[in-house]
Amino acid sequence: GMRQLKVDKVGGYQKLVLNGKPFFSLAMLDQGFWPDGLYTQPSDAALTFDLKAQKDLGFNAVRKHIKVESPRWYYHADRLGLLVWQDFVNADIDNDAGKNAFL
């Protein structure tokens, strides 16, 4: 698992270092949409299918795009050895209710 992630000088260049080793993040953008449930995955098997496909294609990370997934998704990503770059969910702060909810 991930114990330490930092930016450090390696060979004179700033590099991402994961658990003491240089790490080149090769990530795929995962929108997290599903044909039948839109935001809800149809099954645990569907979660593992998509994540395993990314791993099989040679990716070592996944960027979750503006969506917080179920804990099972993160569990499977970790189990398969995929580092997760989590986007922040956008807030609608163009009105008073949105501004108050954001703060």
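The values are calculated or read from the model by the stated rules, or taken from the named source; none is laboratory data. Predicted model, so just to flag it, every value in this text is computed and none were measured. Counting neighbours? That spans all protein chains shown, and the Cβs are built from the backbone with ideal geometry, glycine included.
The set of residues from region 71-89 being within 12 Å of the chain's Cα centre (by Cα) and either farther than 22 Å from ARG3 by Cβ or of a type in the set (Asp, Glu) (or both) comprises ASP78, ASP87, PHE88. Considering every residue within region 8-25, establish whether at least one is assigned to a loop (DSSP other than H, G, I, E, B) and of a type in the set (A, V, I, L, M). Taking every residue of region 8-25 in turn, none turns out to be assigned to a loop (DSSP other than H, G, I, E, B) and of a type in the set (A, V, I, L, M). Quick one: would you say GLY37 is in contact with a Lys or Arg (Cβ under 6 Å, 6 or more places away or on another chain) and farther than 23 Å from LYS6 by Cα? No: the conditions fail for GLY37.
Here's the yes/no breakdown for (1) at pLDDT below 85; (2) among the polar types (S, T, N, Q):
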site: VAL10; (1), (2): no, no
site: ASN19; (1), (2): no, yes
site: ASP36; (1), (2): yes, no
site: LYS64; (1), (2): no, no
site: SER70; (1), (2): no, yes
site: LEU80; (1), (2): no, no
site: PHE88; (1), (2): yes, no
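Among the residues of region 1-37, write down those that are more than 18 Å from TYR74 (Cα to Cα), exposed (fewer than 13 other Cβ atoms within 10 Å of the Cβ) and of a type in the set (Phe, Trp, Tyr). Passing the criteria: TYR13, PHE24.
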